[in-house]
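First the structure, in the form of structure tokens, and then the observations on it.
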Amino acid sequence: MKRIGILTGGGDCPGLNAVIRAVVKASRRYDWEIIGIKNGWKGLINGEIEILTDYAVSGILPKGGTIIGTSRTNPFKKPEDVQKVEENIKRFGLSAVVAIGGDDTLSVALKFHERGIPVVGVPKTIDNDLSGTDYTFGFDTAVSIVTEAIDRLHTTAESHHRVIVVEVMGRHAGWIATFAGIAGGADEILIPEVPFNIDQVCRNLKARYDHGKKFSIVVVAEGAKPEEGGLIIQSDETDEFGHVRLGGISHYLAKEIEKRLNVETRVTILGHVQRGGTPTARDRLLATRFGVAAVELIKNNDFGKMVALQGDNIISVPLAEAVSKLKTVNMELYEIAKIFFAESYLDKDDKTPEETTTVNLQSYQNPPMEQ
């Protein structure tokens with residue numbers, strides 16, 4: 001009997017439990033025992049584990065978060081922690097480790113693979129910024145949550161004639177902002193890949209206002225930055241992977257928009273709401289397929305790989321390829337989004353809705369005479 005360890009690292013994400021469940025269920029075919037490693041790589045440093053039985057994973061498919069906990073832990077910050085991880089893998093008799101996580105978690109997995117530890121990876125990030133895979137589970141759920149929020153904010157923005165700035169997750173890549181912004185009919189979408197010009201943003205919003213649209217929705221990724229400055233952060237403190245805590249770009253935008261346009265502006269920061277709660281059907285399915293595929297990689301002794309989605313097929317790619325670079329937003333998709341930005345589709349000679357209505361009424365009341 002093999003003993004397989006499984007851990008979840010980094011931020012929590014809808015669909016994690018679906019992967020855990022799939023690994024446990026798929027391993028039954030080979031009579032393997034699955035060991036849950038608690039709180040990510042920290043669990044292998046501290047020796048915290050639990051046996052995951054069929055009973056333990058019963059009913060967790062629709063549950064958000066992760067039943068084995070998570071953390072942002074980098075064992076390679078301290079040589080003694082690397083040693084503890086390797087000693088505990090031997091102590092617990094683990095034949096392989098399934099690491100579920102994003103760029104940071106899988107970067108650690110790659111380093112352990114290079115040290116001879118049998119590791120396979122499962123991509124997890126709501127930001128959808130991992131290379132080698134078309135989509136990661138959790139992304140669809142996050143987009144659905146943000147889209148619903150934008151739909152709701154439209155009604156209050158229109159009622160009060162306000163600009164509402166919606167800040168969403170996306171440290172280095174604006175996939176959530178782009179997808180949800182298009183789906184929700186946002187009037188501006190600002191992403192990390194394209195530094196924005198605040199004057200241009202305000203011109204677009206003013207064009208809407210001048211043409212009868214007395215409200216606007218601006219969607220901004222947390223990592224978006226103005227042309228004239230860098231990232232806007234909450235503090236200089238960093239996590240174990242060197243990341244600062246982002247936040248505040250929406251307040252900067254709201255202040256500038258209100259000052260320049262004299263239009264009441266409000267901020268909505270969706271934050272952790274985006275990655276909490278029940279995963280969508282699409283994310284449950286993708287997570288399940290990833291979990292089953294990870295078990296097959298172990299069966300075939302195909303380590304140092306990450307399962308991935310390409311097209312509609314589940315394949316494997318080297319961990320080194322998956323973490324070599326971030327997958328940023330396809331600019332063709334962003335160009336589609338820009339079609340709906342105000343200045344892109346309003347001509348100087350456009351009539352306001354009120355003028356158009358007046359012309360139509362006059363035309364109706366004074367029909368052309370028959371020849």
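Bear in mind these aren't lab numbers, they're just calculated from the coordinates by the rules spelled out. This one's a predicted model, so the numbers in the text were calculated from it and none came from an experiment. We place every Cβ from the backbone using ideal geometry, glycine too, and count neighbours over all the protein chains shown.
What to note about this one:
- Gyration tensor verdict on region 132-234 (Cα atoms; rounded if a/c is under 1.5, prolate if a/b is larger than b/c, oblate otherwise): oblate
- Bridges between two residues of region 141-276, per DSSP, are antiparallel at a rate of about 15%.
- Cross-link pairs exceeding 28 Å between alpha carbons, from the set 214/338; 2/78; 206/327; 25/325; 225/259: 2/78; 206/327; 25/325.
- For the chain, a simple Cβ point-charge model (Lys and Arg +1, Asp and Glu -1, everything else neutral) yields a dipole of about 1440 debye relative to the Cα centre.
- Percent antiparallel among DSSP beta bridges (both partners in the chain, rounded to 5): 30 percent
- If R0 is taken as 41 Å, the Cβ-Cβ distance between residue 25 and residue 158 corresponds to a FRET efficiency of 0.30.
- Global form of the chain, assessed from the alpha-carbon gyration tensor, a/c cut-off 1.5: prolate
- Looking at region 4-109 alone, DSSP beta bridges between its own residues are antiparallel in about 35 percent of cases.
- Derived scalar couplings ³J(HN,Hα) [region 53-69; Karplus, 6.51 cos²θ - 1.76 cosθ + 1.60; whole Hz; x for Gly, Pro]: 9, 4, 5, 5, 9, 5, x, 8, 3, x, 7, x, x, 9, 6, 9, x
- The charge dipole of region 141-276, taken about its Cα centre with unit charges on the Cβ atoms of Lys, Arg (+1), Asp and Glu (-1) only, comes to about 480 debye.
- Residue (of 174, 276, 156) at the positive-pole extreme of region 141-276, dipole from beta-carbon charges: 156
- Listed residue (131, 219, 288) projecting farthest to the positive dipole end of the chain, Cβ model: 288
- For region 13-98, the gyration tensor built on C-alpha atoms gives an oblate shape. Its axis ratio a/c (a ≥ b ≥ c) is at least 1.5, and a/b is not larger than b/c.
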